[in-house]
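The values are calculated or read from the model by the stated rules, or taken from the named source; none is laboratory data. The structure displayed is predicted, hence computed values, not measured ones. Here the Cβ positions follow ideal geometry from the backbone for every residue, glycine too, while neighbour counts run over all protein chains shown. Each accessible area value is taken on the protein alone, full model and side chains, heavy atoms only, with ligands, DNA and RNA left out. Shrake-Rupley method; radii C 1.70, N 1.55, O 1.52, S 1.80 Å.
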Amino acid sequence: MHVKNTKPHIPQEDINPILADIKDALEKGNLTFGTEKFEEEFAKYIGTKYAVAVNSGTSAIEAPLRYYKLKGKEVIVPTNTFVATANAVIFAGGTPVMADMDIENLCADFEDIKSKVNENTAGVIIVASCGYVPPYMFELKKYCEENGLFLLEDAAHAHGASIKGHKAGSIGEVGSFSFFPTKLMTTGEGGMVTTNNKEIADYVKQVRHHGQKNGLMTELGYNWRMPQLSVILGRYQLKRLDGFIKRRNEIALKYAKALEGIEEIELIKVPEYITHGYWKYPILIKSKYTAKEFQTLLKEKYDIDTGTVYYPPVHLQPYYKENYGYKEGDMPTSEQSLTREICLPIFVDITDEQLNYVIESVKTELS
């Protein structure tokens with residue numbers, strides 16, 4: 001059977017109401033400038049005072065970064081992330097400085113973050129990799145506050161994930177979310193900025209609409225608005241998010257119980273005080289195959305799609321090697337570990353038959 005790596009979940013019972021709301025928006029001509037309700041609902045869910053909807057997860061990073069006036073400044077970024085995280089720093093006028101990975105959670109290594117801080121450092125971006133809010137999150141927040149650094153949570157993987165009851169996107173000074181179709185909830189394309197800082201929220205609202213304020217352009221902005229059709233889908237998805245997270249954790253538990261104890265597999269352990277979002281389900285293969293080899297095997301022999309987070313890491317992408325001087329050996333943990341990391345299929349409506357098929361296929365090849 002064919003098993004996809006991931007897919008969005010639009011519950012069947014939501015489709016007709018969504019279509020009805022879209023029809024109403026089309027008939028009334030309400031196709032943009034209608035994000036307020038979605039923003040209020042999302043802020044309440046995350047636990048922040050403000051949320052600002054934008055057109056992508058990438059602009060949800062860049063817009064608040066521009067608030068910090070990064071010209072001549074550095075921002076520490078995990079190398080184990082999608083390139084958009086680091087690219088946003090450049091577009092906002094700063095220089096991204098890569099931090100190596102913590103093998104225990106696939107997030108940035110806290111000690112390596114601290115080692116990269118200097119007089120030019122403006123802030124830190126932390127990515128909740130695969131939906132895992134790093135266990136040191138509150139220590140990192142304290143460190144940033146004591147050293148005058150902003151902390152931006154790239155929570156593109158982590159809608160609804162939490163640590164000690166605090167949701168991802170509510171801990172740092174700013175949170176950013178992606179609503180791309182593969183994420184935990186979707187608006188098709190879109191993003192959201194969360195913060196308790198009114199000044200930041202107002203700034204993001206301004207730059208998402210060409211930098212205009214009271215009809216005058218006082219900042220250099222973009223068209224980063226979220227269209228109304230995306231808002232409609234997002235509001236329905238948000239209502240389902242807790243159920244999505246519960247289901248993903250059920251799937252992850254089945255994987256963990258089935259694969260624990262297999263010598264060739266190393267699982268990522270999650271403390272009880274963290275609710276993982278499980279955007280993806282990563283495993284580390286110890287020696288029998290590289291990640292690429294095992295991905296190819298599962299696809300060609302079993303028709304199972306898998307993913308990674310992320311290879312090559314950002315510092316080994318050609319652009320960053322050429323323009324920032326990064327080279328192999330600079331981030332040894334990421335370079336060594338990510339060649340043996342793959343992500344098994346996980347999505348809300350994966351069937352028991354599909355899940356068992358993936359488990360048995362993996363066990364057949366790695367037991």
Exercise. Pick from segment 1-21 the residues that are outside any loop (DSSP other than H, G, I, E, B) and open to solvent by 40 Å² or more (accessible area, probe 1.4 Å): which of them is nearest to I359 (Cα to Cα)?
Worked result: Q12
Exercise. If you scan segment 98-118, which residues turn out to be open to solvent by 10 Å² or more (accessible area, probe 1.4 Å) and within 20 Å of G325 (Cβ to Cβ)?
Worked result: D100, D112, S115, K116, V117, N118
Seminar exercise, completed: Residue pairs qualifying under the 6 Å Cβ cut-off, at least six apart or on distinct chains, with the first in segment 203-222 being closer than 21 Å to E173 by Cα and the second being modelled with pLDDT under 95 and open to solvent by 90 Å² or more (accessible area, probe 1.4 Å), are Q206/K213
Seminar exercise, completed: Flagged in segment 160-177 as open to solvent by less than 20 Å² (accessible area, probe 1.4 Å), closer than 15 Å to I126 by Cβ and not β-branched (V, I, T), in numbering order, are A161, S162, A168, G169, G172, G175, S176, F177
Seminar exercise, completed: For segment 280-290, the count of residues that are in a loop (DSSP other than H, G, I, E, B), touching a strand residue (DSSP E or B) at 6+ places or on another chain (Cβ under 7 Å) and either without any contact (Cβ under 8 Å) to a residue 12 or more places away in the chain or more than 19 Å from T81 (Cβ to Cβ) (or both) equals 1
Seminar exercise, completed: Log entry, pairs with first residue in segment 292-315 being in a loop (DSSP other than H, G, I, E, B), second being open to solvent by less than 60 Å² (accessible area, probe 1.4 Å) and of a type in the set (G, A, S), beta carbons closer than 8 Å, six or more apart or on different chains, reads T308/A291; V309/S129; Y311/A291; P313/S334
Seminar exercise, completed: Flagged in segment 236-279 as without any contact (Cβ under 8 Å) to a residue 24 or more places away in the chain, part of a helix (DSSP H, G or I) and within 19 Å of T308 (Cα to Cα), in numbering order, are A256
Exercise. Within the bounds of segment 122-136, is there any residue that is within 18 Å of Y273 (Cβ to Cβ), free of Cβ contacts under 8 Å to residues at least 40 places away in the same chain and of a type in the set (A, V, I, L, M, F, W, C)?
Worked result: no
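Yes or no, residue by residue, for (1) part of a loop (DSSP other than H, G, I, E, B); (2) touching a strand residue (DSSP E or B) at 6+ places or on another chain (Cβ under 8 Å):
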residue	(1), (2)
A53	no, yes
R66	no, no
K69	yes, no
V77	no, yes
A88	no, no
N105	yes, no
N118	yes, yes
G123	no, yes
For this session: List every residue pair whose Cβ atoms lie under 6 Å apart, where the two residues are 6 or more positions apart in sequence or sit on different chains, the first residue falls within segment 340-367 and is polar (S, T, N, Q), and the second residue, located anywhere, is open to solvent by 10 Å² or more (accessible area, probe 1.4 Å) and not in a helix (DSSP H, G or I).
Result: S367/I262
For this session: Spot the failing condition for T187; the list is (1) hydroxyl-bearing (S, T, Y); (2) within 17 Å of A168 (Cα to Cα); (3) free of Cβ contacts under 8 Å to residues at least 60 places away in the same chain, and only one is missed.
Result: (2)
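Quick grid of which residues meet (1) of a type outside the set (F, W, Y); (2) buried (at least 18 other Cβ atoms within 10 Å of the Cβ); (3) at pLDDT 95 or above; (4) within 22 Å of the chain's Cα centre (by Cα):
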site	(1), (2), (3), (4)
L259	yes, yes, yes, no
I283	yes, yes, yes, yes
E300	yes, no, yes, no
P313	yes, yes, yes, yes
L316	yes, yes, yes, yes
Exercise. T290 fails exactly one of the following numbered conditions: (1) farther than 21 Å from Q336 by Cβ; (2) open to solvent by 30 Å² or more (accessible area, probe 1.4 Å). What is the number of that condition?
Worked result: (1)
Exercise. Say we look at segment 268-281 and pick out the residues that are open to solvent by less than 50 Å² (accessible area, probe 1.4 Å), of a type outside the set (A, V, I, L, M) and over 22 Å from S367 (Cβ atoms); which of these is nearest to the chain's Cα centre (by Cα)?
Worked result: W279
For this session: Output yes when any residue across segment 225-235 is surrounded by fewer than 18 Cβ atoms within 10 Å (Cβ to Cβ) and in a helix (DSSP H, G or I), and no when none is.
Result: yes
